[in-house]
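Below is one structure, written out as C-alpha cells; the observations come after it.
The values are calculated or read from the model by the stated rules, or taken from the named source; none is laboratory data. Since this is a predicted model, take the numbers as computed values, not measurements. Backbone-built Cβ (ideal geometry, glycine too); neighbour counts: all protein chains shown.
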Amino acid sequence: MNPWIIEAPVAALAAAAGLTAYGAAHPRAQLFGRTICRTNSPRKLAITFDDGPNPAITPKLLDLLDRHAAQATFFLIGQFVRECPDLAKELVTRGHAVGNHTELHPNLFWLNPTKVRVELRLCHDAIKGAIAASPKWFRPPYGMRNPWIAPAASELGYRTVMWTLIPGDWQEKPAEWLISRMQPITENARRKLAGRPQSVVNGTGDILCLHDGSHRQLNADRTRTLAALEYWLPRWRDLGLEFVTIDDAVRTPES
Ligand SMILES: [Zn+2]
C-alpha cells in the first residue's frame with residue numbers, strides 16, 4: 001500500500017493540531033478572532049501590566065510612571081479588584097486604562113463557553129464596581145484563547161489585547177536579565193524611528209507585557225519589574241517613544 005494513504009491523514013491531523021496550538025497561544029495569531037497586537041504608530045509604546053492590582057507594587061509603579069510621564073494599561077484580576085477597589089480606581093484617576101484579565105486567572109483554553117462567560121462577567125462586574133465605568137479591553141490569562149472566548153469577550157464590549165514582547169518578568173532572575181530581555185523595544189524603536197517616512201505611515205509600535213502582580217497571591221514581589229522600567233523609561237523617551245494607553249495606541253495616528 002502507498003504509505004501516503006496511511007500517513008496523509010496523520011499529517012493532516014498533526015497540522016490541524018499545530019494550527020490549533022498556534023491559534024491558542026501565539027500572541028499575534030488571528031485564528032480565534034481579531035486581536036490588537038500592535039500600536040498604530042512606531043512612536044507609540046503601549047506598556048501593559050497583568051495580574052494586579054497589587055498593594056505591594058502597584059502604588060510604587062504608579063509613582064514611577066508619573067515621574068516619567070508614562071501612561072499604561074492594567075489588566076486586572078477580578079478577585080484582586082474586589083480586595084483593593086480603591087487601588088483599581090486610582091489607576092484610572094491617574095490617567096491609565098484598565099482591562100479585564102478574568103476573575104480567577106484560569107487557562108481559558110480548557111474551559112467550556114459557560115465558564116468562560118462567568119470568568120469574564122465576574123471580573124467585568126468587579127472592575128465596573130470599582131471604577132464606575134465598563135472596561136473596554138480584555139487579555140486572556142497566559143495569552144491562551146479558544147473559539148468561544150472572542151464571542152464571550154465581544155458580548156461584553158471587549159476588544160482582546162495581546163502583545164509584541166513578553167520578557168518574562170515573573171521569572172526569578174536578576175534585574176539585569178530582565179533589562180536585557182527588554183532590549184528589543186529599543187532595537188525596534190531605533191530601526192523604525194530612524195527617519196524612514198513610510199515606516200511611520202505603516203507604523204506598528206510595540207505592546208509590552210509586564211506584570212505588577214502575580215495571579216497566585218496578592219503582594220507578590222515585582223521589584224525587578226520596577227527596576228527594569230526605571231532603567232528603560234528615560235532611555236526609551238530619549239529615543240522618541242511615547243508611553244500610551246491601549247486607547248491611545250489604537251486611536252487614529254497623528255501625522
Ligand atoms: Zn496573567
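On the stretch given as segment 188-217, residues that are surrounded by fewer than 17 Cβ atoms within 10 Å (Cβ to Cβ) and modelled with pLDDT of 95 or more total 2. Just one residue in the set GLY129, GLY157, GLY168 is of a type outside the set (A, V, I, L, M, F, W, C), within 16 Å of the chain's Cα centre (by Cα) and outside any strand (DSSP E or B); that residue is GLY168.
So, in segment 132-176, exactly how many residues are acidic (Asp, Glu) and within 22 Å of LEU111 (Cβ to Cβ)? Of the residues in segment 132-176, 1 are acidic (Asp, Glu) and within 22 Å of LEU111 (Cβ to Cβ). In segment 171-192, the qualifying residues are those that are in a loop (DSSP other than H, G, I, E, B) and out of contact with any Pro (no Cβ under 7 Å at 6 or more places or on another chain), and the one that is nearest to ASP212 (Cα to Cα) is GLN171. Against the condition within 30 Å of ARG190 (Cβ to Cβ), touching a Cys at 6+ places or on another chain (Cβ under 6 Å) and surrounded by 18 or more Cβ atoms within 10 Å (Cβ to Cβ), how does THR39 come out, does it pass? No. Scanning segment 92-116 for residues that are of a type outside the set (Val, Ile, Thr) and in contact with a Pro (Cβ under 7 Å, 6 or more places away or on another chain) yields GLY99, ASN100, HIS101, HIS105, PRO106, ASN107, LEU108. Listed by first and then second residue, the pairs with beta-carbon distance under 6 Å, at least 6 apart or on different chains, first residue in segment 53-73 and free of Cβ contacts under 8 Å to residues at least 40 places away in the same chain, second exposed (fewer than 15 other Cβ atoms within 10 Å of the Cβ) and of a type outside the set (Gly, Ala, Ser), are LEU62/ARG94.
Being more than 22 Å from PRO85 (Cα to Cα) and hydrophobic (A, V, I, L, M, F, W, C) is the filter here, so list the residues in segment 104-144 that pass it. Across segment 104-144, the qualifying residues are LEU108, PHE109, TRP110, LEU111, VAL116, MET144. Mind checking whether some residue in segment 226-245 is within 16 Å of the ligand (Cβ to nearest atom) and at pLDDT 95 or above? No, there is no match, as no residue in segment 226-245 is within 16 Å of the ligand (Cβ to nearest atom) and at pLDDT 95 or above. Can you name the number of the only condition in (1) modelled with pLDDT of 95 or more; (2) buried (at least 22 other Cβ atoms within 10 Å of the Cβ); (3) within 24 Å of THR35 (Cα to Cα) that ARG222 fails? Looking at each condition in turn, ARG222 falls short on (3). Out of all the residues in segment 44-53, is one or more on the phi > 0 side of the Ramachandran plot and either β-branched (Val, Ile, Thr) or crowded, with 18+ Cβ neighbours inside 10 Å (or both)? Looking for residues that are on the phi > 0 side of the Ramachandran plot and either β-branched (Val, Ile, Thr) or crowded, with 18+ Cβ neighbours inside 10 Å (or both), one finds at least one in segment 44-53, hence yes.
Selection within segment 97-117: residues that are assigned to a helix (DSSP H, G or I) and surrounded by 15 or more Cβ atoms within 10 Å (Cβ to Cβ). The member of this set that is farthest from the ligand (Cβ to nearest atom) is ARG117. Count, please, the residues in segment 66-86 that happen to be part of a helix (DSSP H, G or I) and either under 21 Å from PHE243 (Cα atoms) or within 16 Å of the ligand (Cβ to nearest atom) (or both). Counting residues in segment 66-86 that are part of a helix (DSSP H, G or I) and either under 21 Å from PHE243 (Cα atoms) or within 16 Å of the ligand (Cβ to nearest atom) (or both) gives 6.
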